[in-house]
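Asker: Here's a structure for you.
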Amino acid sequence: MARKVSARKPVCSKATLQARPDGKFRFAVVADTHGKPHPDTAQRIRELEPDAILHAGDIGELQVLDRLAELAPLFAVRGNIDVQTSQVPDIVTLELMDGERMKLRLLLLHIAVYGPKLRAEVARLAHSERASLVVCGHSHVPFIGRDRGVTLFNPGSIGPRRFQLPIMLGTIDISRESARLTHIDCETGKTWLPP
């Protein structure tokens, strides 16, 4: 008789953040460090002066998180190469408030897309959490898109170069009027756009 193997239930975490008095907030977003973030990572993040850092998984060595947490408050999720630990959840839901008003709810997880489309289970989760933005990693490909009413953001990889992909990080800039997603080339510090 075959034994049924049940999938492990993902470990989820939720947090609420408060925008600055002017209604602005900046996230620096990294992913796929694989234990070896680019040597300029800390400098680039310092230049961005983020209010918080998001790490979208495939951390590698947990000391990477310790170094990032020295730069700004940090929210990280476990990637498919990462060991399971109580320190790092699988999914984080973040709510950004401007006083009493919700400005943004985002979902941070490692694997969220299949090509340019949201995976069905992630779309269901995003809608159940009322998240308008999904931040992910895994592919190492910098990407901004929209699917099923949800904006998708992959900052690319800030770890060892894979194939000919650039070494990247991202920013999410929130103001009272808008949200802007940007890719930054880690090697040059300049805004990156696809060729």
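The values are calculated or read from the model by the stated rules, or taken from the named source; none is laboratory data. On a predicted model such as this, the values are computed, not experimentally measured, just so you know. Methodologically, a virtual Cβ is constructed for each residue, glycine included, from the backbone with ideal geometry; neighbour enumeration extends over all protein chains shown. We work out accessible area using only protein heavy atoms, side chains counted, and drop any ligands, DNA or RNA first. Shrake-Rupley method; radii C 1.70, N 1.55, O 1.52, S 1.80 Å.
Asker: Of all residues in the range 167-195 being without any contact (Cβ under 8 Å) to a residue 24 or more places away in the chain and of a type in the set (Val, Ile, Thr), which is most open to solvent (accessible area, probe 1.4 Å)? Spell out the reasoning first.
Answerer: To start, the set of residues in the range 167-195 that are without any contact (Cβ under 8 Å) to a residue 24 or more places away in the chain comprises 177-178, 180, 182, 185, 188, 190-191, 193, 195.
Then drop every residue that is not of a type in the set (Val, Ile, Thr), which leaves 182, 188, 191.
Details: Thr182: 22, Thr188: 77, Thr191: 96 Å².
The qualifying residue most open to solvent (accessible area, probe 1.4 Å) is Thr191.
Asker: Separate question: Looking at the structure I just gave you, is Ala131 on the phi < 0 side of the Ramachandran plot, buried (at least 19 other Cβ atoms within 10 Å of the Cβ) and in a loop (DSSP other than H, G, I, E, B)?
Answerer: Values: on the phi < 0 side of the Ramachandran plot: yes; buried (at least 19 other Cβ atoms within 10 Å of the Cβ): yes; in a loop (DSSP other than H, G, I, E, B): yes.
Yes: the conditions hold for Ala131.
Asker: Give Gly145, Gly156 a once-over and let me know the one that is crowded, with 18+ Cβ neighbours inside 10 Å and small (Gly, Ala, Ser).
Answerer: Exactly one of Gly145, Gly156 is crowded, with 18+ Cβ neighbours inside 10 Å and small (Gly, Ala, Ser), namely Gly156.
Asker: Right, something else. Of these, Ile59, Ile81, which one is among the aliphatic types (A, V, I, L, M), surrounded by fewer than 22 Cβ atoms within 10 Å (Cβ to Cβ) and in a loop (DSSP other than H, G, I, E, B)?
Answerer: Just a single option satisfies the conditions, and that option is Ile81.
Asker: Hey, another quick one. What pairs can you find where one residue is in the range 131-153 and within 10 Å of Leu108 (Cα to Cα), the other is of a type in the set (D, E, K, R) and open to solvent by less than 20 Å² (accessible area, probe 1.4 Å), and their Cβ atoms are less than 7 Å apart, with a gap of 6+ or different chains?
Answerer: Every condition considered, the pairs that remain are Gly137/Asp32; Gly137/Asp58.
Asker: Do you know which of the residues in the range 128-166 that are of a type in the set (Lys, Arg) and out of contact with any helix residue (DSSP H, G or I) (no Cβ under 7 Å at 6 or more places or on another chain) is farthest from Val29 (Cα to Cα)?
Answerer: Arg130
Asker: Next question, about the same structure. What is the one condition in (1) touching a residue at least 40 places away in the same chain (Cβ under 8 Å); (2) surrounded by fewer than 18 Cβ atoms within 10 Å (Cβ to Cβ); (3) closer than 20 Å to Ile184 by Cβ that Leu54 does not satisfy?
Answerer: (2)
Asker: Can I ask one more? With respect to Glu121, is the statement that it is more than 21 Å from His34 (Cα to Cα), open to solvent by 60 Å² or more (accessible area, probe 1.4 Å) and of a type in the set (Asp, Glu) true?
Answerer: yes
Asker: Go through the range 62-78 and give me each residue that's assigned to a loop (DSSP other than H, G, I, E, B) and either modelled with pLDDT under 95 or open to solvent by 20 Å² or more (accessible area, probe 1.4 Å) (or both).
Answerer: Leu62, Glu70, Leu71, Pro73, Arg78
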